[in-house]
1. Could you tell me whether any residue of the stretch 166-184 is of a type outside the set (S, T, Y), open to solvent by less than 10 Å² (accessible area, probe 1.4 Å) and under 25 Å from the mean Cα position of the chain (by Cα)?
2. Would a scan of the stretch 229-240 turn up a residue that is of a type in the set (G, A, S), free of Cβ contacts under 8 Å to residues at least 60 places away in the same chain and in contact with a Leu (Cβ under 9 Å, 6 or more places away or on another chain)?
3. In the stretch 191-238, what residues are open to solvent by less than 10 Å² (accessible area, probe 1.4 Å) and more than 18 Å from L76 (Cβ to Cβ)?
4. When A238 is evaluated against the numbered criteria (1) outside any helix (DSSP H, G or I); (2) farther than 30 Å from D405 by Cα, which criterion, by number, is the only one it fails?
5. Among L98, L108, which is the only one that is open to solvent by 20 Å² or more (accessible area, probe 1.4 Å) and in contact (Cβ under 8 Å) with a residue 12 or more places away in the chain?
6. Where residues in the stretch 76-86 are crowded, with 17+ Cβ neighbours inside 10 Å and of a type outside the set (V, I, T), which of them is farthest from I34 (Cα to Cα)?
7. Considering the stretch 289-298 alone, what residues qualify as being at pLDDT 80 or above and either open to solvent by less than 70 Å² (accessible area, probe 1.4 Å) or among the polar types (S, T, N, Q) (or both)?
8. For the stretch 302-316, does any single residue satisfy the condition of being open to solvent by 40 Å² or more (accessible area, probe 1.4 Å) and touching a Phe, Trp or Tyr at 6+ places or on another chain (Cβ under 9 Å)?
Amino acid sequence: MLEHAAAIQSLIADAPPGLLPAREQMALSLGWHIILACFGVAFPSMIYVVHRRGIVRGDPVALGLAQRWAKVSAVLFAIGAVSGTVLSFEMGLLWPGLMGRFGDVLGLPFAFEGLSFFVEAIFLGIYLYGWNRMPPRRHLAMLLPMASAGVVGTFCVVSVNAWMNNPTGFRIVAGEVTDVNPWRAMFNDGVWLQFAHMWVGAFMVVGFIVAGVYAAGMLRGRRDAHHRLGFRVPFVFATVAALAQPLIGHVLGLRVGDTQPSKLAAFELATTTESPSPLRLGGVLIDGKVHGSIDIPLLGSIISRNSFTKPVKGLDTIPAADQPPVNITHLAFQSMVGIGTLLALVVVLFWWALWRRRDLTDSLWFLRFAVVAGPLAVIALECGWIATEVGRQPWVVWGILRTRDAASLSTGLWWSYAGAFVVYAGMTVGAVVVLRSMARRWRAGEEDLPSPYGPEGTPVGQARS
């Protein structure tokens with residue numbers, strides 16, 4: 001253990017001055033922006049469902065929901081545009097060793113992400129200002145390219161992260177990156193599973209958050225058709241996502257065992273190779289020993305390796321310099337899995353009770369949990385990204401480029417971090433103030449709030465046929 005501690009201390013001592021502030025700023029920016037990205041992926045689909053219901057059934061409640069959610073989507077999109085712009089500059093500012101060397105490899109997905117952003121913005125604007133100015137079905141169709149652009153943009157960003165875990169599409173000759181194939185890099189071996197995990201996670205986050213807003217209203221006695229439909233639609237999306245996510249995560253975890261054994265060892269807190277491997281719930285690694293865990297025999301091999309005997313490779317087989325921060329990775333991973341499992345069990349309980357002709361939205365304890373489910377889904381999403389990013393360390397490009405070699409050498413990045421913190425704090429306060437103001441005005445009876453820079457509107461339901 002003394003050798004291990006000395007190796008870690010040596011890594012810290014040799015780190016460039018920009019490494020720590022770059023990591024902190026990137027964690028802040030990505031952790032903040034990813035929530036807005038989830039709304040860009042999932043919210044248009046939910047708006048489409050209620051809008052289509054309003055047209056097909058002539059339901060004014062559903063049309064009212066669609067219009068309100070569109071206004072909220074516009075606010076979140078505007079804020080996301082700012083945070084996304086900050087991120088685009090941060091890639092070059094904080095990680096010049098990565099972008100300077102592999103910019104040609106990563107340029108294609110970033111270019112497509114930019115195009116997707118503009119397509120989403122264009123059709124969001126058309127949809128937002130098209131109320132009562134377009135034929136209803138044509139207006140509804142504007143959501144389709146908007147939703148598609150959000151998904152494509154997210155795929156492009158996730159493909160970059162998947163490439164960092166599965167680098168391909170280039171060769172290194174005499175220390176130089178050559179024979180670049182950006183399409184191969186973009187569609188690398190890990191992209192589909194990682195994107196599916198993120199895509200489904202977005203529906204979990206948005207579904208539970210939006211459902212929780214209406215659950216909070218129902219707790220305050222607002223049990224009208226507006227609140228019941230506003231709860232039910234996103235909760236259905238969240239249900240499907242919560243049940244699909246464990247299956248996708250399991251398949252993705254199996255692949256991690258083959259491609260990144262050190263990450264899986266940290267996930268499972270496997271200090272030595274055991275056959276079969278136990279499942280360790282909780283616990284921390286202190287001085288090379290696991291403390292406070294609950295070990296369940298066999299289950300580690302079954303879940304992580306799809307086998308009754310196949311072992312999880314132990315940390316003792318991995319050089320100390322190549323090991324990730326074990327405790328952070330392990331606890332983040334288990335928090336994600338634990339919260340995801342809890343949410344899946346609760347949605348199963350809800351629909352089972354409804355099948356038995358008992359509506360749990362009449363239960364105060366269920367509504368209280370529904371309010372908390374949104375923040376829990378956010379925590380699970382953040383923990384998932386912490387697990388995958390911290391678990392990849394010390395590599396920024398797996399097996400090729402170490403994080404410290406990609407970081408900036410600048411000594412002034414703490415000022416950049418402070419500036420980013422102020423920007424994100426300001427946007428958070430602004431979003432809360434604006435959204436609370438909108439909700440207050442809606443409760444007061446103002447159905448058609450004006451859109452920024454938009455033409456004067458007419459009440460919902462008076463659209464031309």
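1. no
2. Taking the stretch 229-240 as the starting set, the residues that turn out to be of a type in the set (G, A, S) are 230, 238.
The next check asks that each one be free of Cβ contacts under 8 Å to residues at least 60 places away in the same chain; those that pass are none.
No, every residue in the stretch 229-240 fails to be of a type in the set (G, A, S), free of Cβ contacts under 8 Å to residues at least 60 places away in the same chain and in contact with a Leu (Cβ under 9 Å, 6 or more places away or on another chain).
3. Those that are open to solvent by less than 10 Å² (accessible area, probe 1.4 Å) and more than 18 Å from L76 (Cβ to Cβ): V191, A215, G217, M218, F231, F235.
4. (1)
5. On the way: L98 fails: open to solvent by 20 Å² or more (accessible area, probe 1.4 Å).
One residue alone meets the criteria, L108.
6. Going through the stretch 76-86, the residues crowded, with 17+ Cβ neighbours inside 10 Å turn out to be 76-80, 83-84, 86.
If we keep only those that are of a type outside the set (V, I, T) too, we end up with 76-78, 80, 83-84.
On the way: L76: 12, F77: 12, A78: 14, G80: 9, S83: 10, G84: 9 Å.
Looking at residues that are crowded, with 17+ Cβ neighbours inside 10 Å and of a type outside the set (V, I, T), I get A78.
7. Step one: list which residues in the stretch 289-298 are at pLDDT 80 or above, which gives 289-292, 294-297.
Of everything in the stretch 289-298, those that are at pLDDT 80 or above and either open to solvent by less than 70 Å² (accessible area, probe 1.4 Å) or among the polar types (S, T, N, Q) (or both) turn out to be V290, I296.
8. yes
The values are calculated or read from the model by the stated rules, or taken from the named source; none is laboratory data. Computed from a predicted structure; not experimentally measured. With ideal geometry, Cβ positions are generated from the backbone for all residues, glycine too; neighbour counts draw on all protein chains shown. The accessibility values were calculated without ligands, DNA or RNA, using every heavy atom of the protein model including side chains. Shrake-Rupley method; radii C 1.70, N 1.55, O 1.52, S 1.80 Å.
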